[in-house]
Amino acid sequence: MRNALLAATAVALLAAQPALAQQKSIKIGFVSTFSGPTAVIGNDMRNSFELALDHMGRKMGGIPVEVIYEDDAQKPDVGKQKTEKLIESDKVDFITGYIWSNVMLAALKPAVDSKTFIISANAGPSQIAGELCSPYFFSTSWQNDQTPQAMGLYMNQKNVKSVFLIGPNYAAGKDMLAGVASTFKGKVVGQELTTWPSQLDFSAELAKAKASGAESIFVFYPGAAGVQFLNQYAASGLKGSVPLYTAFTIDELSLPLQKDNAIGVPGAQEWVNDLPNEQNKKFVADYRKKYTGLRPTYYGAQAYDAAQLINSAVVATKGNLSDKAAVQKAMEKADFKSLRGGFKFGNNHFPIQNFYLQDVVKDADGQLSLKTVATIVKDDQDRFHDKCPMK
């Protein structure tokens, strides 16, 4: 009788173990732009996120991973709807992606209200770095102002005396122009904010920049707009007389279209493909092997790190994602090998990190690529963190 009881108990325990040890899957929502002219950015982010999952064996903490990709069509209302769908219908554990700051701002409240962890792999609105910061929001990219602030510092090193600012009229565009103006010691002689995302003709803005007498131009245009702007800048004849400084306008996606027009136009970035740590070398090599003919960009590198951040929390909590405080604490530790090397968060859950000067060069194969030239600033923390109530 005793042996039968022990056997029955053992069977019951074995039956109970899978329910205790196995969450059926880690469900991740991924909101980005997968249609229209900027779909190349969303595709690069998805490619890199998928590569990260490959490197993990498609599991986190031994639990299978399910990713649900949603297209925001580059529209804030659509991004919000897709975020709500992922939370309410798909019941995801995490949401990541988000290229555009206006989409990120629209998606924030549904995530925070539902206590769903949301990780921006690109967008970095100043509001979320400051008064809208949340225990449930993390970034694996940057706060929008930081990259142009680094470029402003570089322009000071080059003894630039005046600049004309041009960018798109939406949240990130405004942050970018404000960022460079905050560190640039010379005179800002003019500024133009253009219709976003439909405007791709910048002849009027270039004419105003030329007429202003500014010694230089700073521009922020991601994606197709960046290709059009740079090509029009070169065609206008300004390239030989008015130097251009950029943030996010030249990348590995735009280079094949910008071609030699991109040579000699410096940019700033927190990740460049040639950063010498082993994790990054493997990422770049495996990306180029898996996606033949393509090179990864900072968009992809940030998405890869987002996957690693999520994995670190799943591993640390042994898959117990219902303990929100434990998940938050684990994510704050950032215990993963970032493609940037060292990685740490500030109090507002934005990274404290280096920013590098990048230039366009021809590699050993004669192809244009981006190269790290110098470190502009080390361990930079965004200027809005002190407005965040989290300490």
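The values are calculated or read from the model by the stated rules, or taken from the named source; none is laboratory data. What you are looking at is a predicted structure, and each value in this text was computed from that prediction instead of being measured. So basically every Cβ, Gly included, is an ideal-geometry build from the backbone, and we count neighbours across all protein chains shown. The area values use the complete protein model at the heavy-atom level, side chains included, leaving out ligands, DNA and RNA. Shrake-Rupley method; radii C 1.70, N 1.55, O 1.52, S 1.80 Å.
Among W196, W100, the sequence by solvent-accessible area, most first, with a 1.4 Å probe is W196, W100.
Annotation: K333 carries an accessible surface of approximately 140 Å², with a 1.4 Å probe and no ligand, DNA or RNA atoms counted.
Pairs of Cα atoms nearer than 8 Å and 6+ residues apart set the relative contact order; for the chain it is 17 percent.
Once the Cα atoms of helix 101-113 and of the chain are each reduced to a long axis, what angle between those two axes, in degrees from 0 to 90 to the nearest 10, is obtained? Long axis of 101-113 versus the principal axis of the chain: about 20 degrees. Computed from Cα atoms, the angle from the helix 146-157 axis to the main principal axis of the chain rounds to 40 degrees. Here the alpha carbons of the stretch 265-333 define both size measures, Rg and Dmax, at 15.4, 48 Å. Solvent-accessible surface of the stretch 183-246, taken per residue with a 1.4 Å probe and all protein chains present: 43 Å².
Among V284, V219, V272, the largest mean-square fluctuation in a Gaussian network model of the chain (Cα springs under 10 Å) belongs to V284. Mean-square fluctuations from a GNM of the chain, with a 10 angstrom spring cutoff on Cα atoms, peak among A181, A172, A316 at A316. Cross-link reach is defined here as a Cα-Cα straight distance under 19 Å, omitting same-chain residues fewer than 8 places apart; for K281 the lysines meeting it are K289, K290, K337, K362, K371. Solvent exposure of K208, expressed as accessible area, is near 100 Å², computed with a probe of 1.4 Å over the protein chains only.
Going through the cross-link list K282/K329; K187/K208; K27/K85; K161/K210; K59/K82; K27/K91, which pairs have a Cα-Cα distance over 19 Å in this structure? Exceeds cut-off: K282/K329; K59/K82.
Computed on the stretch 146-269, with alpha-carbon pairs under 8 angstrom and 6+ residues apart, the relative contact order is 27 percent. Taking the centroid of alpha carbons for each part, the stretch 273-302 and the stretch 364-381 are 14 Å apart. Remark on the stretch 146-269: ratio of C-alpha radius of gyration to 2.2 N^0.38 Å is 0.93. The length gained on full extension between E84 and K387, counted as 0.36 nm times the residue separation minus their Cα-Cα distance, comes to 106.3 nm. Against the criterion of solvent-accessible heavy-atom surface with a 1.4 angstrom probe, S182, S120, S322 sort, most first, into S322, S182, S120. Among K337, K158, K187, the largest mean-square fluctuation in a Gaussian network model of the chain, built with springs joining Cα atoms closer than 10 Å, belongs to K158. Both the radius of gyration and Dmax for the stretch 230-370 are 18.4, 60 Å, in that order, over alpha-carbon atoms. Computed from Cα atoms, the angle from the helix 171-183 axis to the main principal axis of the chain rounds to 60 degrees.
Using every pair of separate Cα atoms, the Kirkwood estimate puts the hydrodynamic radius of the chain at 21.8 angstrom. What is the sum of charges, Lys and Arg at +1 and Asp and Glu at -1, for the other residues whose Cβ falls under 11 Å from the Cβ of G264? Here the charged neighbours net out to -1. Averaging 1/r across all pairs of distinct Cα atoms in the stretch 108-194 and inverting the result yields a Kirkwood radius of 14.1 Å. The alpha-carbon atoms of the stretch 182-253 define a convex hull whose volume equals 99 cubic angstrom per residue. The alpha carbon centroids of the stretch 59-116 and the stretch 323-341 are separated by 19 Å.
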